[in-house]
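Undergrad: If you scroll down you'll find the structure; I have some questions about it.
The values are calculated or read from the model by the stated rules, or taken from the named source; none is laboratory data. Since we're looking at a predicted model, the values are computed, not measured. When we count neighbours, we look across all protein chains shown, and the Cβ atoms used for this are built from the backbone with ideal geometry, even at glycine. Please note that ligands, DNA and RNA were not included when accessible areas were found on the heavy atoms of the full protein model with its side chains. Shrake-Rupley method; radii C 1.70, N 1.55, O 1.52, S 1.80 Å.
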Amino acid sequence: MKRPMATVGFAYLAALVAATYFDAEFAKIMAIVFFVLFLVSLAIAPIRRAKVLPIALFTVTLAFGMYSAFTYAKVVPIEQLDGQDVYVSGRICEIPYSAYNRYYYVLEADKVDYDGAPQKIKLRMSVSTPLDVDLYDRVSGKVHMFLPTDSGGFSSKSYYAAKGIHISSYLYEYEGCQLEEDPNKPLYYYFLKVKQALIEAVRTILPKEHASVAVGVLLGDKYFMEDDIKSDFKEIGVSHILAVSGLHTSVISAVVFMLLSATRLSKRFVYLLTCLALLAFMAITGFSASVSRAGIMLIMFYLGKFFYAKSDSLNSLGFATLLLSVVNPFAAGDTGLLLSVFATLGIILFEGFFEEKIKALFARVNCSSKVTDSVAGMISVTLCATIATLPITMLSFGKISLISVFSNILIVMPTMLMMIFTLFAAILYFVPFLEFVVKPLALFSGVLINYITFCADLLAKIPFASVATRQPMILFWFASCCVLFALALLLHKEYRLLKLSAILSVIILFVGIFSYQIFDRNVTHLAFLDTGAGCSAVISKNGRAAVLACGGDSVHSSRVQNYLTNLNVKSLDYILLSDLQDATASYANDLIKKFRPYYVLMQNDGDVLNDKLEHTVFESMNTVPFNDTAKIDLWDNVKITVMNIDDHGYIYLSVNDVNLLILPSGGDAKLLGDKYKFCDILAYSGNLENSSLVASSYGVICANANAASVFANNLAKDRRLPLATAGDGDIVFDFTHSKNISIKRMV
């Protein structure tokens, strides 16, 4: 077998991807199926002698079996802690971070006071105020345990599982906690301190807005970046530069190798030192899967040079993939690893072919030169990486960028230069008497950051810069492309039909987009988004949107923004704040800042505004206060009545003569006027008293799984058909002409 490590490594990872996307039960069944197929392959002599298929089948069997075994042995015992109040004690093992007014710590717990629970687990803990502790100090206290969100496929649950975190928690701060300094620090502690020092250095030498981008790109710490910048990067298909991966590792290794080569050290010693530098960089970045993949490949390359052996790129990639997958059966949940592996695979397989074709195209127009050759190389690499990562992008991010090749050409090279300038400036910052070098480097870095963010902002404003893959049309297009390219490869071995396939793919995509726009025109969509213990409701039509409620758990804070972005909404007509409870308005501040609504309708009671929301609301020039009731005519078919009774919001909505009653934070149906008690659809979050007084056919529950099960029983008793978000995805109502309604679940 020519490339055994490539066959084994890619087969193992492919099986883990399938197991991650589905579940452990699916993995168990597939392990049995593929083991039977393996035995059949051994019984057929020609297949057995060829070796490739039996080895691949056995590898897949092993991968599915390991995933299933680890899930039932390690994860299921931890999941019994879901919803429990538990006393835990452990050490902080990662650099803390803050997001959405919460502070997050990762603990290696060695004491869990709960019968039958494993004693050594890794968990994420959140607090409202930062803890005065150092890395690897001990924290002990009472926490409430809960599972990360799992909406199927690649979710936050699979993402944290890839990092060894299978449960989250928040600390009961009012009961206090014990903080204890631990003098026994592991070696990894010092690498984390180096990372902290580099982050602080960057924040010192660069302005705040520049430093957040530089730290995000250089070290993957995105928590201080503006949401607008992250959204722009995602919109134009360059968000990979914010995930420390092969690109970053290659730049670091190239710079280190270049500097060491300029000394009088022997080449072989330079190779070894470069390998050590790569190991150090992997440790500083927390041995993330994507960096480790690239680091292992580069170390194999430099060790090959050291031993005068020629390395095979596919074998090296397969070996690195296998090593990471065997060590961590949940590694496929790390989207960064999948993007890194697929991008590298695409470049290895097709970069030469595309570069040759692009150079030939330049030659035909008489503009062949070293510059155009470099551009051809950059285009071919970007094209290969974009095509190869398309399936992961569609499944993980729910959208694809139509301008990613162009945006990568404009942004990736300046980003690499910015990384180099920033890294040198941060390192030299600690060297006395070198301020005269640090300042120019910081200046160059700042100029490049301005260019990068300017390009991202400009390109993100292009209509249809990205399209949501949650639309069935996009999935159909992707399946059609796979069939077209497969037929092209089967029917002609010299790849001559690939050009025709590419042209047909583009035609199918744009025909699909415009046909979807035609059929979707004048359809009103009302989405109840799955944001945990709160109600987030968005109504949209023909590219315009209004937010009726924006509440829920902090861990789901990006869900509303992502939904609006997927609709290609750039600004909002309305944000309705019928009350200011967390179940209704917890995301209001971020939405107002990002989407700049034309109107913000809110209760006329300044005393209930917190300082942060008050500042944001009054920056909006069109804030519309109301006392008890407000009426809105939205577009040409939507009528809204907003009420606030006893600090609870009530929204009565009429769409194409279909009536809906929405209570974002619960309330008491007895307090409503009689005409508002008759509706077709009732939607609420929180406790709804006297719900039997409301006559409706459907009931939509916006809550987590535990609360939804209780509310669903109540709805069933009232003879309503219950629907619930409950961690299973968004619920979307489509209102067409007259009173026709379609209901769908969007995961």
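Undergrad: Using only the alpha-carbon atoms, how far is helix 289-306 inclined from the longest principal axis of the chain? Give it as 0 to 90 degrees, nearest 10.
TA: Tilt relative to the chain: about 0 degrees.
Undergrad: Just in segment 1-66: which trypsin sites (Lys or Arg not before Pro) are loop by DSSP and have at most 13 other Cβ atoms within 10 Å? Display every interim value, and only then the final one.
TA: Working: sites: Lys2, Lys28, Arg48, Arg49, Lys51; in loops: Lys2, Lys51.
Hits after loop and neighbour filter: Lys2, Lys51.
Undergrad: What are the GluC sites (Glu not before Pro) within segment 121-212 that DSSP puts in a loop, where the Cβ has at most 16 other Cβ atoms within 10 Å? It would help to have the intermediate numbers written out before the result.
TA: Working: sites: Glu173, Glu175, Glu180, Glu181, Glu200, Glu209; in loops: Glu181.
Hits after loop and neighbour filter: Glu181.
Undergrad: So, in Å, what gap is there between the alpha-carbon centers of segment 100-169 and segment 208-251?
TA: 25
Undergrad: Rg to Rh for the chain: what is it, with Cα atoms only and Rh by Kirkwood? Before the final figure, lay out each step's value.
TA: Numbers: Rg = 27.7 Å, Rh = 28.4 Å.
Rg divided by Rh gives 0.97.
Undergrad: While we're looking at this one, here's another question. Suppose the chain between Asn568 and Leu303 were pulled fully straight at 0.36 nm per residue; how much longer would it get relative to their current alpha carbon spacing? Before the final figure, lay out each step's value.
TA: Working: separation 265, 0.36 × 265 = 95.40 nm, distance 4.82 nm.
Using 0.36 nm per residue and subtracting the Cα-Cα distance, I get 90.6 nm.
Undergrad: Once every DSSP H run of n ≥ 4 in the chain is given -39500 (n - 2.57) and the sum is divided by its residues, what mean residue ellipticity at 222 nm do you get, rounded to the nearest 500 deg cm²/dmol?
TA: Numbers: 25 runs with 374 residues, N = 747.
Calculated at 222 nm, the ellipticity per residue is -16500 deg cm²/dmol.
Undergrad: Among the lysines, which fall within straight-line cross-link reach of Lys541, defined as a Cα-Cα distance under 20 Å, with same-chain neighbours fewer than 8 residues apart omitted?
TA: Result set, ordered by chain and number: Lys399, Lys461, Lys570, Lys594, Lys631, Lys639, Lys739, Lys744.
Undergrad: Here is a further query. Collect residues whose amide H, placed 1.01 Å from N in the peptide plane, falls under 5 Å from the amide H of Ala724; neighbours closer than 5 in sequence don't count.
TA: Residues meeting the criterion, in which the H sits 1.01 Å from N, are Ile701.
Undergrad: To continue, here is another question. By how many nm would the segment from Thr629 to Val255 grow when fully extended, if each residue of separation counts as 0.36 nm and the alpha-carbon distance is taken off?
TA: Numbers: separation 374, 0.36 × 374 = 134.64 nm, distance 6.42 nm.
Gain on extension, Thr629 to Val255, equals 128.2 nm.
Undergrad: Which lysines have a Cα lying under 20 Å from the Cα of Lys310, excluding residues fewer than 8 positions away in the same chain?
TA: Lys2, Lys267
Undergrad: Probe radius 1.4 Å, ligands and nucleic acids ignored: give me the carbon and sulfur share of the accessible area of the chain as a rounded percent.
TA: Working: 21670 of 34880 Å².
The nonpolar share, carbon plus sulfur, comes to 62 percent.
Undergrad: Per residue, how large is the accessible surface of the chain? Use a 1.4 angstrom probe and give square angstrom. Let's see the in-between values first.
TA: Values: 34880 Å² over 747 residues.
Per residue, the chain has an accessible area of 47 Å².
Undergrad: I want to check the label-to-label distance for Val506 and Ser374. Put each point 7 Å from Cα in the C-beta direction and report it in nm to one decimal.
TA: 2.6
Undergrad: Relative to the longest principal Cα axis of the chain, at what angle does helix 370-388 sit, 0 to 90 degrees, rounded to 10?
TA: For 370-388 against the chain, the angle is about 50 degrees.
Undergrad: List the relative contact order of segment 638-687 as a percent without decimals, with contacts defined as Cα pairs under 8 Å and 6+ residues apart. Don't skip to the answer; put the middle values down first.
TA: On the way: 86 pairs, mean separation 15.7, N = 50.
It comes to 31 percent, rounded to a whole number.
Undergrad: Label points 7 Å out from Cα along the Cβ direction at Asn622 and Ser128: separation in nm?
TA: 3.5
Undergrad: Taking H placed 1.01 Å from N in the peptide plane, check which residues at least 5 places from Tyr172 or on another chain put their amide H under 5 Å from its amide H.
TA: Placed amide hydrogens put Lys142, Val143, His144 under 5 Å from Tyr172.
Undergrad: Right, something else. Would you mind checking segment 280-312 for residues with the amide N under 19 Å from a putative spin-label position 7 Å along Cα→C-beta of Lys267?
TA: Residues 298-312 qualify, since their backbone N sits under 19 Å from the label point.
Undergrad: Run the numbers for Lys74 and Ala50: contour at 0.36 nm per residue of separation, minus the present Cα-Cα distance, in nm. Each step should come with its number before you reach the end.
TA: Working: separation 24, 0.36 × 24 = 8.64 nm, distance 3.73 nm.
Result: 4.9 nm gained on full extension.
Undergrad: Restricting the count to DSSP beta bridges whose residues both fall in the chain, what percent are antiparallel, rounded to a multiple of 5? Mind dumping the intermediate values first?
TA: On the way: 75 of 105 bridges.
About 70 percent, rounded to the nearest 5.
Undergrad: Amide H to amide H, which residues 5 or more places from Gly649 or on other chains are under 5 Å from it, using H placed in the peptide plane?
TA: Amide H neighbours of Gly649: Asp579, Ser665.
Undergrad: Oh, and also: Where in segment 82-132 are there trypsin sites (Lys or Arg not before Pro) that are in a DSSP coil and have at most 10 other Cβ atoms within 10 angstrom of their Cβ? Intermediate results must be reported in sequence, preceding the final value.
TA: Working: sites: Arg91, Arg102, Lys111, Lys120, Lys122, Arg124; in loops: Lys120.
Those that pass, being in a loop and sparsely packed, are Lys120.
Undergrad: Oh, and also: Count the DSSP beta bridges whose two residues both fall in segment 98-199, then state the antiparallel fraction as a percent rounded to the nearest 5. Please list the in-between numbers first.
TA: Details: 17 of 21 bridges.
Taking every DSSP beta bridge within segment 98-199, about 80 percent pair in antiparallel fashion.
Undergrad: Roughly what would the spin-label model give for Asn637 and Val523, points 7 Å off Cα along C-beta, in nm?
TA: 1.1
Undergrad: Provide the net charge surrounding Phe424, with neighbours chosen by a C-beta distance below 14 Å and charges set as Lys +1, Arg +1, Asp -1, Glu -1. All intermediate terms of the calculation are to be shown ahead of the outcome.
TA: Numbers: positive: Lys439; negative: Glu435.
Summing Lys and Arg as +1 and Asp and Glu as -1 gives 0.
Undergrad: Each residue of segment 79-95 in turn: what ³J(HN,Hα) in whole Hz from Karplus with 6.51, -1.76, 1.60 and θ = phi - 60°, glycine and Pro shown as x?
TA: Result, ordered by residue: 5, 5, 7, 4, x, 9, 9, 9, 8, 10, 9, x, 10, 6, 10, 9, 5 Hz.
Undergrad: Working from Cα positions, state the angle (0 to 90°, nearest 10) between the long axis of helix 498-520 and the longest principal axis of the chain.
TA: Its long axis makes an angle of about 10 degrees.
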